[in-house]
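Student: I have a structure I would like to understand better, so I am pasting it below and will then ask my questions one at a time.
The values are calculated or read from the model by the stated rules, or taken from the named source; none is laboratory data. Since the model is a prediction, treat every value here as computed from it, not as a measurement. Heads up, the Cβs are rebuilt from the backbone with ideal geometry, glycines too, and the neighbour counts pull from every protein chain shown. Quick note on the areas: whole protein, heavy atoms, side chains included, nothing else; ligands and nucleic acids left out. Shrake-Rupley method; radii C 1.70, N 1.55, O 1.52, S 1.80 Å.
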Amino acid sequence: MKNTINISVLCGRDYVAATGKPQVVYSLVELTPAGDNGPRVPANFCLVLDRSGSMEGAKMDSLKKAVEGALARMTPKDRVSIVIFDDEVEVLVPSQPVTDPKEIMGKVTAVIPRGGTQIGQALKKGMEEIDKAVSPDLVNRLLLLTDGQTWGDEGECLAIAKEAGEKGIAITTGGIGEEWNENLLLEIADHSHGDSHWIRKPEEIASCFMSEMAGMRSVLASSTEAVLKLSPGASLTHAHRTQPMISEMTFPKGDHSHTFSLGEVTALKGQSLLFELQVPAKDPGPYRVGQVEISYQPSSSAGAERVTEKADIQVEFSTDAALIAKVNSHVMNLVEKISAFKLQTRALKEAELGNVLMATRKLEAAATRLLDLGEKDLAATARAEAQTLTSTGKMSGKGTKKLAYGTRKLTQKIDPEDFEEKQEKI
């Protein structure tokens with residue numbers, strides 16, 4: 001069977017210094033479409049929507065329009081379910097084929113905001129609806145949208161997200177406004193191999209839905225897994241996903257083989273991983289740092305066999321200063337973006353712990369790094385939050401969200417609307 005994904009391995013430097021000391025090597029693994037995307041895979045899509053009292057007005061009006069737009073992009077081959085929640089949870093639309101969008105929309109139109117916010121049970125109900133039709137031959141996806149904070153069930157939410165990731169069900173989260181817990185929504189997305197959006201204004205809800213629909217229309221592979229096997233003496237010090245958004249990947253230290261679950265790969269955003277490796281001192285000459293093995297389930301053909309591909313990570317030790325000075329600008333630019341992400345992440349943690357001086361220093365360092373990357377707006381936000389932290393002892397909700405989402409999405413330069421227009425022409 002023809003592969004649906006291309007795998008490339010790039011190093012920050014192809015030549016490293018033979019100095020008699022261990023060296024750091026950055027290795028970027030990119031998964032991108034291999035030619036035509038093939039036919040669209042039907043979706044098994046669940047919407048878990050906040051209908052608490054704070055959603056009244058423009059938020060609810062925009063949400064209903066966004067649901068209508070999503071239904072218009074679905075066909076009878078797709079399945080949809082809708083769960084609404086406040087203090088209580090209601091399955092508004094049980095899992096069913098999208099044969100009558102108007103009937104489904106009629107139920108959505110009748111929703112009235114009320115009550116508070118309880119996310120855990122809503123996610124649980126959403127997963128139950130997804131499970132009714134879950135299949136490797138469908139794109140199994142859940143979209144959680146809220147404008148508030150849940151209380152006392154954060155652990156339950158993360159447990160559900162982890163289980164979803166293990167089942168191959170990606171959860172995309174969207175927070176509207178400023179009064180919600182960005183850490184929780186980001187972690188839900190990370191645990192399930194999904195995406196996350198900060199929706200600043202009600203009218204942006206439609207863009208969130210469009211991004212999700214475009215992503216589902218472009219799924220190339222599911223149950224994707226990366227195995228990194230290192231040569232003796234080499235070790236993995238840090239691992240980050242850089243697409244679809246920047247996130248840190250955890251792994252046991254000291255092992256020479258590391259397995260990472262990646263979930264879906266889409267033509268819209270692909271997947272990419274950046275490994276920071278330490279290699280032992282070597283005499284001049286070629287050196288095989290290790291091997292990356294990528295396996296996935298192609299999504300374009302029902303019942304297709306799992307595909308496995310391998311690629312080596314190689315560098316050459318040298319004493320030639322001119323060769324050693326050469327860098328791959330694409331890889332090293334990603335290294336700088338991850339550095340900015342790590343600085344703001346640590347700053348937020350220090351601020352939460354009340355370590356104002358340490359948090360301020362890291363925010364200032366993040367601002368400098370962001371400015372070097374040309375991210376003037378984010379750099380200004382980091383500096384402003386450093387000043388706010390110094391004067392008040394805490395960061396603002398808006399500034400915290402802007403930094404958390406802005407640095408995670410430094411690698412995203414894709415317009416889902418443009419992608420959808422291209423898909424319509426295929």
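Student: Have a look at 287, 405, 15 and tell me which one the Gaussian network model of the chain (Cα, springs below 10 Å) gives the largest fluctuation.
Tutor: Of 287, 405, 15, the most mobile in the Gaussian network model is 287.
Student: Here's a follow-up. If packing is taken as the average count of other Cβ atoms within 10 Å, what order do 134-144, 107-117, 42-52 fall into, highest mean first?
Tutor: Highest mean packing first, the order is 42-52, 134-144, 107-117.
Student: Just how large is the dipole of the chain about the Cα centre, in debye to the nearest 20, putting +1 at every Lys and Arg Cβ and -1 at every Asp and Glu Cβ?
Tutor: 780
Student: For the stretch 68-77, just list the computed ³J(HN,Hα) in residue order, Karplus coefficients 6.51, -1.76 and 1.60, θ = phi - 60°, integers in Hz, with x standing in for Gly and Pro.
Tutor: Calculated HN-Hα couplings, in order: 4, x, 5, 4, 5, 8, 9, 10, x, 6 Hz.
Student: Go ahead and set up a Gaussian network model of the chain, Cα springs under 10 Å, then flag whichever of 321, 382, 347 fluctuates most.
Tutor: Result: 321 has the largest fluctuation of those listed.
Student: Using a ≥ b ≥ c from the Cα gyration tensor of the stretch 240-284 (square roots of the eigenvalues), is it rounded, prolate or oblate, where a/c under 1.5 gives rounded and otherwise the larger of a/b and b/c decides, a/b for prolate?
Tutor: Note, shape of the stretch 240-284 comes out prolate.
Student: Something else now. Enumerate the calculated ³J(HN,Hα) couplings along the stretch 355-370 in order (Karplus 6.51 cos²θ - 1.76 cosθ + 1.60, θ = phi - 60°), each rounded to whole Hz, writing x wherever the residue is Gly or Pro.
Tutor: Residue by residue, the stretch 355-370 yields 8, 4, 4, 5, 5, 5, 4, 6, 5, 5, 5, 5, 4, 4, 5, 5 Hz.
Student: Rank-order 147-153, 209-215 by packing density, defined as the average count of other C-beta atoms within 10 Å over each peptide's residues, highest first.
Tutor: Highest mean packing first, the order is 209-215, 147-153.
Student: Give the separation of the Cα centroids, the stretch 69-90 to the stretch 202-264, in Å.
Tutor: 26
Student: Note down, for the stretch 13-66, the three equivalent ellipsoid semi-axes (square root of 5 times each alpha carbon gyration tensor eigenvalue), biggest first, whole angstrom.
Tutor: 50, 23, 10
Student: Here's another thing I want to ask about it. Checking the cross-link filter: which aspartates and glutamates have an alpha carbon closer than 15 Å to that of residue 201, excluding same-chain neighbours under 8 positions apart?
Tutor: 56, 61, 147, 178, 179
Student: Separate question: If you take all C-alpha pairs in the chain, what percent of them are over 41 Å apart?
Tutor: 18
Student: Considering only protein heavy atoms and a probe of 1.4 Å, how much of the accessible area of the chain is carbon and sulfur, as a whole percent?
Tutor: Of the solvent-accessible surface of the chain, carbon and sulfur hold 49 percent.
Student: Just the Kirkwood number for the stretch 129-174, please: inverse of mean 1/r across all distinct Cα pairs, in Å, one decimal.
Tutor: 11.7
Student: If the reach is capped at under 22 angstrom between alpha carbons, list the lysines near residue 337, excluding any in the same chain fewer than eight residues apart.
Tutor: Excluding near neighbours in sequence, the set is 269, 326, 349, 362, 376, 398, 401, 402, 409, 413.
Student: Short version: ³J(HN,Hα) in whole Hz for each residue of the stretch 187-195, in order, from phi by Karplus 6.51 cos²θ - 1.76 cosθ + 1.60 (θ = phi - 60°), x for Gly and Pro, what are they?
Tutor: 5, 4, 4, 4, 4, 9, 6, x, 10
Student: Give, as a single signed number, the net charge of other residues whose beta carbon lies under 13 Å from the beta carbon of residue 77, with Lys and Arg counted +1 and Asp and Glu -1.
Tutor: +2
Student: I want the local charge near residue 183. Using Cβ-Cβ distances under 13 Å, sum +1 for each Lys or Arg and -1 for each Asp or Glu among the other residues.
Tutor: Residues close to residue 183 contribute a combined charge of -2.
Student: According to the square roots a ≥ b ≥ c of the eigenvalues of the Cα gyration tensor, what is the shape class of the stretch 61-169, taking rounded for a/c under 1.5, prolate for a/b larger than b/c otherwise, and oblate for the remainder?
Tutor: The shape class here is oblate.
Student: Taking only Cα atoms of the stretch 1-140, what ratio of Rg to Rh do you get with Rh as the Kirkwood inverse-distance radius?
Tutor: Here Rg/Rh amounts to 1.21.
Student: Of the residues 30, 305, 203, which exhibits the maximal mean-square fluctuation in a Gaussian network model of the chain defined by a 10 Å Cα contact cut-off?
Tutor: Sorting by GNM fluctuation, first place goes to 305.
Student: Give, as a single signed number, the net charge of other residues whose beta carbon lies under 9 Å from the beta carbon of residue 7, with Lys and Arg counted +1 and Asp and Glu -1.
Tutor: The answer is -1.
Student: Using just the helices of the chain, give the 222 nm mean residue ellipticity in deg cm²/dmol: DSSP H runs with n ≥ 4 each add -39,500 (n - 2.57), and the total is spread over all residues, rounded to 500.
Tutor: Computed ellipticity for the chain at 222 nm equals -12000 deg cm²/dmol.
Student: What shape does the stretch 148-261 have by the C-alpha gyration tensor, where a ≥ b ≥ c are the square roots of the eigenvalues, rounded means a/c under 1.5, and otherwise prolate means a/b greater than b/c and oblate the rest?
Tutor: Cα axes put the stretch 148-261 in the prolate bin.
Student: Keeping every protein chain present and rolling a 1.4 Å probe, give me the accessible area per residue for the chain in Å².
Tutor: Per-residue accessible area for the chain comes out at 43 Å².
Student: Let me ask you something else. Per the Cauchy relation, a quarter of the hull surface: what is the mean projected area of the convex hull of the alpha carbons in the stretch 204-300, in nm²?
Tutor: Mean projected area of the Cα convex hull: 7.8 nm².
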